[in-house]
Every structure is written in structure tokens, then in C-alpha cells.
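The values are calculated or read from the model by the stated rules, or taken from the named source; none is laboratory data. Just so it is clear, the structure is predicted and the values come from calculations on it, not from any experiment. Cβ placement follows ideal geometry from the backbone for every residue including glycine, while neighbour counts extend to all protein chains displayed.
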Amino acid sequence: MTASSTRRRSRSARHIPIPQQGVWPGLTEVPNSPLRARIAASLFRRAVRGLPVRVVLPSGRVLGAGGPDAPVMHLHRPAAFFHRLGADAKIGFGEAYMVGDWTSPEPADLLTPFAARMSTLIPRRLQSLRRLAERVQPDTEENTLPGARENIHRHYDLSNELFTAFLDQSMTYSSALFGPGETDLHAAQLRKIDGVLDFASVGPESHVLEIGTGWGALAIRAAQRGARVTTLTISAEQRKLAERRIAEAGVADRVQVLMRDYREAQGHYDAVVSVEMIEAVGRQYWPTYFGTLDRLLKPGGKVGLQAITMPHDRMLAAANAYTWIHKYVFPGGLIPSVESIGEAVSEYTGLRVVQDRAFGQDYALTLRLWRKRFLDNWEEVAAQGFDETFRRMWEFYLAYSEAGFRAGYLDVHQLSLAK
């Protein structure tokens, strides 16, 4: 590691937002680097020149190749916007939305063309130079046992009431699986859970280990099939509400919720299930994660795994980058590729992939419904003490993610692994 990268790590670690307290370190300070801002402005104008969008400047000038009905980006403070992009494009673009440097009537529509051309927005000859300047993930966000607990705490312990405001009644915070023409989020979430349980062959006599409790929806559903469930979480807030929901569902005698990291799990199980938890594991711990699945699963058992994925080349390019998502939403994470999952399963386990279901566009719809519910219920969220900066942050997070799935830059898979 170079001295400059070490400095970037330590500087990143000191600037941790605390949204539930309305603390946003350095966010309102506009970086001052005229040369970088000029370069960023030039690259941005070049990038949007061929995109089907309309970027409207304060002067009324319009950039982009979009027609009258194209998605619109209102660039209210161009100078501040380009200074933020110049300082760190992977963080500055989202921060500029958080502070109102730019807005859009429908940010997911606007961001989708950007996501569709993510790998070519920056000229290839400049991409290697960009990696020399951009920040890398802080050592403080590495997913050691204490580090993983802190990373999870920063997102999932924000407030149970926050998540209640936009999730369906099952309190499921992962992609739903919709039927043809369906928009019923709750029914689609139950279908997704049933799909994971089916992939793990969970039945009335199964003893199931769940890695990542969430708010208890999968554990409840498995117990209603007659299974016994041991479910692991490292979120204190989630555990508290999950145990209450499990009791209210009448299955507390069949479900045990443990405050425990997956690396600390013991025993042998007929089935292991894990839904969208691998994204928080961190690449250096993938061998441990998959080895743990293998260690805990009885011979003849199955794993039901749901994972967000991205193209392998983009995963490699993003492996060490410190992005807006890391800083504000999911510290310490990395989305795997299908190839990387297959390689890890092959190299570190005695398992094999026997079924694979992809449904990325269902995630786009899930995120769209979440964002609508979040904005519709904003007054309820604001009453918990969250400020307008948080509202713009959460809206950008959901719209940005939706755009990734709509463009095919991101996907989601359910996998069945057999021993």
C-alpha cells in the first residue's frame, strides 16, 4: 500500500455521516480545486453528449442528446457540482444531489442511461489515471468481527420505524419476486421467500440456519412450514423487532434468534439460507463465508442463497473503490459477480450450484415501490428526527439502485447449492 493510499484511508474514516443525528461532516463545504473542476466539467459534458437526457443549466442552455420527453437533470449550481465531481466523482455526484446542486423530477429515469453506459462514461485511456486519484475503502470498514458489527449498525440500526415506513408488512428488505403483471409488493415478497426456501428444500422436518435475520420474515415463513429455525443477526434493532414479530406470528417455539456473526455459528443443519447478505461480507472474507456454509450444512443438505450481482469486469474494477454507497449506505460492502460466486463455491466448498434464477427487473420494481412509499410517508420519517438531507440521500440511494437494475448493470440471483 502506498503512503498516499494510506492517507486516503485515514481521511475517509474520519468523515462518517451520522444521519439519525443529522450530522453530515464536510457535506456543505464545496471542494476548491479549479483544475480538477475544469477536467470534471469537460468529462461530464463529453459523457452526456451522447446520452438520451437533458441537462438544463441555469442559463437555459441544454446539454445531452435527449429530446423533449427525455429525463431532465436541472443543474442549479454548476460550479459547485463540478468541484464535487472533480474532488471525487464516485462520491461527489451523489453528494451534489444531497445538497441540491442538481435535481430531477424523476431521478431513476435520469440515472438509468448513465448506468447503462457506466463502463464507458470515462474514456478508457483515462480510467487507469482515475484509479490513482480515487479513494479506497477505509481500513476501519473492513469486515472483521467488530468491523462487521459497526458496518451493520450504521445502516440497519438507523431506526426500525424508518424501515417500517417504506417496506411491506412482511418487513422484507430484499428484492421481491413478482408474477406476470403483478405489483402487489407483499405477495411478491412472500413468493421470493418461498423461492429461497424451496431452493433449500425446507420442509416440516428441516432444521434451518438463516444467516441474516432481517426482521424475521423468512424465519416466520419457514416455521410456518413446520421447520425449526436458528437465525443469526448482528443488528440489535433488528433482533428486537424480529423476536416480537416472531412471537406475534405464533412461532416463537420454533425460532431462535441469536446475536451472532456467521463466523461464530456452530452445529449442523439440513438447510442454510441467506438472502442478500453476501454483499456485506467483503471480498477477503468470501472464502470464510462459503466455507462456513459448507461446514454447517449436513451431507445431502442444500443452501438457498439470494445475491445481488454485477458483471465480473465491473466487480474487479470496483473491488477496492470507496464510493458514495460505501460512505452513506453500505460501508464495507462489495457486490459479487456470478463468476466470483461460482469460483468461491468451487474452490472453498464441496457444494455445487444446481439451480439459478435471475430476476433483476423485479428488483427495479421493488425499489420503485419502496421509493414511492418512502416519499409518500416522508412526514412519518421526518417525525423521527431525520432531516431533508437524509430525505435526498435516501431518495438518491433508491433511485440510483433502481437505475442499476433497470439498465442491467446490476442483477439479482437465487441459487440452490447442494452438498
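Hey, does the stretch 20-31 have a residue that's of a type in the set (S, T, N, Q), surrounded by 12 or more Cβ atoms within 10 Å (Cβ to Cβ), over 25 Å from the mean Cα position of the chain (by Cα) and under 27 Å from T389 (Cα atoms)? If you could, list the steps in order and put the result at the bottom.
Filtering the stretch 20-31 down to residues of a type in the set (S, T, N, Q) leaves 20-21, 28.
In the following step, the residues that additionally are surrounded by 12 or more Cβ atoms within 10 Å (Cβ to Cβ) were identified as 20.
Remaining after also requiring over 25 Å from the mean Cα position of the chain (by Cα): none.
No, the stretch 20-31 has no match at all.
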Any residue in the stretch 404-412 that is of a type outside the set (F, W, Y), within 16 Å of the chain's Cα centre (by Cα), surrounded by fewer than 20 Cβ atoms within 10 Å (Cβ to Cβ) and at positive phi?
yes
Can you name the residue in the stretch 78-99 that is at pLDDT 95 or above and touching a strand residue (DSSP E or B) at 6+ places or on another chain (Cβ under 8 Å) and is also surrounded by the fewest Cβ atoms within 10 Å (Cβ to Cβ) among such residues?
A96
Would you be able to tell me the number of residues in the stretch 53-75 that are part of a loop (DSSP other than H, G, I, E, B) and either surrounded by fewer than 16 Cβ atoms within 10 Å (Cβ to Cβ) or more than 28 Å from the chain's Cα centre (by Cα) (or both)?
11
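Output yes when any residue across the stretch 365-377 is over 28 Å from P19 (Cα atoms) and surrounded by 15 or more Cβ atoms within 10 Å (Cβ to Cβ), and no when none is. Can you show your working first?
Taking the stretch 365-377 as the starting set, the residues that turn out to be over 28 Å from P19 (Cα atoms) are none.
No, the stretch 365-377 has no match at all.
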Part of a helix (DSSP H, G or I), more than 16 Å from A418 (Cα to Cα) and touching a strand residue (DSSP E or B) at 6+ places or on another chain (Cβ under 6 Å): does that describe E279?
yes
Of all residues making up the stretch 176-233, the number that are more than 23 Å from D294 (Cβ to Cβ) and of a type outside the set (G, A, S):
20
Please pick out the residue among A265, A319 that is more than 19 Å from I335 (Cβ to Cβ) and assigned by TED's automatic domain parsing to the domain that holds P204.
A265
Determine, yes or no, whether R49 is closer than 24 Å to A317 by Cβ and either free of Cβ contacts under 8 Å to residues at least 60 places away in the same chain or in contact with a Lys or Arg (Cβ under 6 Å, 6 or more places away or on another chain) (or both).
yes
Looking at A317, A271, A247, A252, can you tell me which residue is closer than 20 Å to I193 by Cβ and either assigned to a loop (DSSP other than H, G, I, E, B) or modelled with pLDDT under 95 (or both)?
A252
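Here are L190, L177, L197: which of them is more than 18 Å from Q384 (Cα to Cα), part of a loop (DSSP other than H, G, I, E, B) and in contact (Cβ under 8 Å) with a residue 12 or more places away in the chain? Talk me through it step by step, then tell me what you get.
Numbers: L190 fails: part of a loop (DSSP other than H, G, I, E, B); L197 fails: part of a loop (DSSP other than H, G, I, E, B).
Result of the check over L190, L177, L197: L177.
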Quick check: is even one residue across the stretch 52-70 within 28 Å of P19 (Cα to Cα) and basic (K, R)?
no
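For every residue, the table says whether it meets (1) surrounded by 20 or more Cβ atoms within 10 Å (Cβ to Cβ); (2) hydroxyl-bearing (S, T, Y); (3) free of Cβ contacts under 8 Å to residues at least 40 places away in the same chain; (4) within 16 Å of A200 (Cβ to Cβ).
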{"site": "A265", "(1), (2), (3), (4)": "no, no, no, yes"}
{"site": "Y269", "(1), (2), (3), (4)": "yes, yes, no, yes"}
{"site": "S274", "(1), (2), (3), (4)": "yes, yes, no, yes"}
{"site": "I278", "(1), (2), (3), (4)": "yes, no, no, yes"}
{"site": "P287", "(1), (2), (3), (4)": "no, no, no, no"}
{"site": "T309", "(1), (2), (3), (4)": "yes, yes, no, no"}
{"site": "A318", "(1), (2), (3), (4)": "no, no, yes, no"}
